[in-house]
Amino acid sequence: MRLLAPLLLLIAMTACTHAPSRNPMARWVPSSNHNERQAILIVLHATEQDSVQESLLTLRTRNSGGRVSAHYLVGRGGELYQLVADERRAWHAGGGRWGTITDVNSASIGIELDNNGEDPFPPVQIATLLRLLDELCTRLDIPRTQIIAHADMAPTRKRDPSRLFPWKQLAEAGFGRWPDVVPSEAPAGFDALQALRVLGYPMDDPGAAIRAFHRHFRGIDSEADVLDAEDARILFSLTRPVR
Ligand SMILES: [Zn+2]
């Protein structure tokens, strides 16, 4: 009996930690009309490291640059690891925003691709990513257009997953946004910078947003700080209402 009492206390305490959180100020009148809070965005990263083993260590320990994680890691050979449950908030995005989403970690799934930031992405790795995106968008009901680069939401700090990431191939498989094959001329008075903002880019530093846009939609690391006519055509195609 002397042993039983602490044991019962321990069981009670454990049960307590799993009880639904209820505000003692209010009378609890439960409704069954609810579900788990859901991700509405997927952020793609490149690890910018040399191996899956190195990245698994970084994403699972108190590494020197601070604690980071992601929900998934896709190896160069197409192997797929999950590190954080979908319904939990992984620490992959950091500061930045996309459109009206200001706490990206709370609203997103983070996927790391094993890539050193310079090499092309092997087809087998992209094949696994496409299968994962299909599964996540279907099961979690995430809009298929809502797939962005880490650099898109944090253009002043980040460059990943690099200019070599195959966004066009993703778009052909139905993921993310991509302009028409031959984008038509933007109409006179079209405000391309405003279109960049409408697309979701943070505009605190317009030059950084333009360079992130170039990396994503033109596959170039530019040093531009103004948008040109080709950018305007692409942005017009991306933001005009669907006919
Ligand atoms: Zn990243």
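Listing for the model above:
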{"quantity": "Selection status of T145, in a helix (DSSP H, G or I) and either under 18 Å from N115 (Cβ atoms) or open to solvent by 10 Å² or more (accessible area, probe 1.4 Å) (or both)", "calculated": "no"}
{"quantity": "Count - residues of the range 223-243 that are over 16 Å from A188 (Cβ atoms), touching a residue at least 40 places away in the same chain (Cβ under 8 Å) and basic (K, R)", "calculated": "0"}
{"quantity": "Within the range 92-127, tally of residues that are outside any loop (DSSP other than H, G, I, E, B) and open to solvent by 10 Å² or more (accessible area, probe 1.4 Å)", "calculated": "9"}
{"quantity": "Tally, over the range 149-162, of residues that are in contact with a Gly (Cβ under 7 Å, 6 or more places away or on another chain) and part of a strand (DSSP E or B)", "calculated": "0"}
{"quantity": "Among (1) open to solvent by less than 80 Å² (accessible area, probe 1.4 Å); (2) at pLDDT below 95, the one test that R76 misses", "calculated": "(2)"}
{"quantity": "Test: residue in the range 24-33 that is within 24 Å of W167 (Cβ to Cβ) and at pLDDT 95 or above", "calculated": "no"}
{"quantity": "Residue count, the range 151-183 (criterion: open to solvent by 40 Å² or more (accessible area, probe 1.4 Å), over 24 Å from I101 (Cβ atoms) and touching a Phe, Trp or Tyr at 6+ places or on another chain (Cβ under 7 Å))", "calculated": "2"}
{"quantity": "Number of positions in the range 122-151 that are within 16 Å of the ligand (Cβ to nearest atom), of a type outside the set (G, A, S) and farther than 12 Å from L80 by Cβ", "calculated": "3"}
{"quantity": "Qualifying residue in the range 181-197 (condition: touching a residue at least 24 places away in the same chain (Cβ under 8 Å) and within 28 Å of G75 (Cα to Cα))", "calculated": "no"}
{"quantity": "Residues of the range 216-230 that turn out to be over 20 Å from A154 (Cβ atoms) and not hydrophobic (A, V, I, L, M, F, W, C), as a count", "calculated": "2"}
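Okay, residues lined up against (1) within 14 Å of the ligand (Cβ to nearest atom); (2) part of a strand (DSSP E or B); (3) open to solvent by 100 Å² or more (accessible area, probe 1.4 Å):
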position	(1), (2), (3)
N35	no, no, yes
A39	no, no, no
I42	yes, yes, no
Q49	yes, no, no
E54	no, no, no
R67	no, no, yes
V84	no, no, no
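The values are calculated or read from the model by the stated rules, or taken from the named source; none is laboratory data. From a predicted model like this one, the values you see are computed outputs, not experimental measurements. Because the Cβ atoms are built from the backbone with ideal geometry, glycine has one as well, and the counts that use them run over all protein chains shown. These area figures cover heavy atoms from the full protein model, side chains too; ligands, DNA and RNA do not enter into them. Shrake-Rupley method; radii C 1.70, N 1.55, O 1.52, S 1.80 Å.
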